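Here is the structure we will look at, set down as structure tokens.
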Amino acid sequence: MERNPQSGKRLRPVDLARRHGLSTQAIRNYEAAGILPPAGRTPHGYRTYTPLHAAALRAFLALLPGHGHPTATSIMRAVNQGMTDQAFRLIDEGHAQLLDDRRTLQAVENALHDLGVTGTPTLPARSVATPAPGPAGAPGPTPAPGPAVVSGPGGTFIGPLAGKLGIRPATLRKWERAGLVRPRRDPRTGYRVYDETDVRDARLAHQLRRGGYLLEQIAPLIAQVRAAGGLKLLEAALRDWRDRLSARGRAMLTGAAELEAYLCERG
């Protein structure tokens with residue numbers, strides 16, 4: 001049976017606020033949002049809280065780093081409304097998103113490894129979800145591409161590059177429309193010319209396509225490579241990304257522990 005939220009030791013809004021470096025207005029806002037159970041009232045109309053409210057606040061603050069403010073709010077609101085299954089579903093979705101982010105990171109790391117970028121760890125293939133078969137005409141498995149393709153000092157044309165990657169020129173044109181490669185045009189012939197950066201991006205896109213990723217999923221990763229200034233510099237960004245995912249996973253564990261304590265407090 002659920003406990004009465006007003007039972008036990010009385011706490012003032014300032015008591016809850018000071019313990020967590022919050023303002024009393026924040027405590028009132030949390031109550032209004034359903035993050036905290038409804039407060040009791042004194043005969044003069046002042047809010048009073050109990051250790052149950054303190055446990056709810058601890059749970060919410062612990063959920064924040066792993067799930068973010070909107071989801072943490074929805075979790076606490078569902079619990080306070082007695083819809084624990086809804087709260088658990090939201091938590092499950094957070095873990096599923098974390099797993100998807102880990103798989104994306106692993107795909108990039110494996111692609112960099114296949115491209116010969118040193119220092120990039122490759123996780124066992126069995127830990128990656130098997131991608132669904134792509135549409136007809138999608139590039140299939142081919143040997144990992146070798147060194148960058150260069151047809152001359154000005155770069156390489158679409159035919160030689162497509163041949164080296166084992167794909168059709170039409171695929172490179174499709175990737176260009178999706179923003180994955182940005183070849184320049186020869187001013188005399190109008191032919192596409194791919195410089196070393198374009199070849200790098202094409203090779204990375206090819207590796208990710210082989211891993212089952214869609215063009216719209218690859219585009220932001222290619223943009224990150226460009227923003228980092230190349231594959232080597234991207235390694236530092238990937239290490240930071242991996243660290244942030246690990247921190248998020250640990251934060252989810254901490255949030256789950258505090259939420260469990262709150263659920264036990266509610267009875």
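All conditions in (1) touching a Leu at 6+ places or on another chain (Cβ under 8 Å); (2) at pLDDT 85 or above; (3) under 30 Å from A87 (Cα atoms); (4) surrounded by fewer than 19 Cβ atoms within 10 Å (Cβ to Cβ) hold for A247, with the sole exception of (1). The condition (being under 26 Å from the mean Cα position of the chain (by Cα) and acidic (D, E)) is satisfied by just one residue among E260, E196: E260. On inspection, E176 qualifies as in a helix (DSSP H, G or I), surrounded by 17 or more Cβ atoms within 10 Å (Cβ to Cβ) and free of Cβ contacts under 8 Å to residues at least 24 places away in the same chain.
Could you say whether any residue in segment 260-267 is part of a loop (DSSP other than H, G, I, E, B) and either farther than 30 Å from D85 by Cβ or not β-branched (V, I, T) (or both)? Yes: one or more hits. Pairs linking a residue in segment 35-62 that is over 13 Å from R266 (Cα atoms) to a residue that is acidic (D, E), with Cβ atoms under 6 Å and 6 or more positions apart or on different chains, are A39/E31; R58/E258; A62/E258. Taken together, E265, E216 contain a single residue that is acidic (D, E) and more than 17 Å from D100 (Cα to Cα), which is E265.
The condition of being modelled with pLDDT of 85 or more and not in a helix (DSSP H, G or I) does not hold for G134.
If you filter segment 14-68 down to residues that are more than 23 Å from G82 (Cβ to Cβ) and of a type in the set (S, T, Y), you find that the one that is surrounded by the most Cβ atoms within 10 Å (Cβ to Cβ) is T24.
Among the residues of segment 207-219, some residue qualifies, meaning at least one is surrounded by 13 or more Cβ atoms within 10 Å (Cβ to Cβ), modelled with pLDDT under 95, under 19 Å from the mean Cα position of the chain (by Cα) and hydroxyl-bearing (S, T, Y). Has segment 7-18 got any residue that is modelled with pLDDT of 95 or more and among the hydrophobic types (A, V, I, L, M, F, W, C)? No, that holds for no residue. Of all residues in segment 253-261, at least one satisfies being in contact (Cβ under 8 Å) with a residue 24 or more places away in the chain, within 30 Å of A55 (Cβ to Cβ) and either in the same structural domain as F157 (by TED's automatic domain parsing) or of a type in the set (S, T, Y) (or both).
The values are calculated or read from the model by the stated rules, or taken from the named source; none is laboratory data. For clarity, every value in this text was computed on a predicted model and none was experimentally measured. Counting neighbours? That spans all protein chains shown, and the Cβs are built from the backbone with ideal geometry, glycine included.
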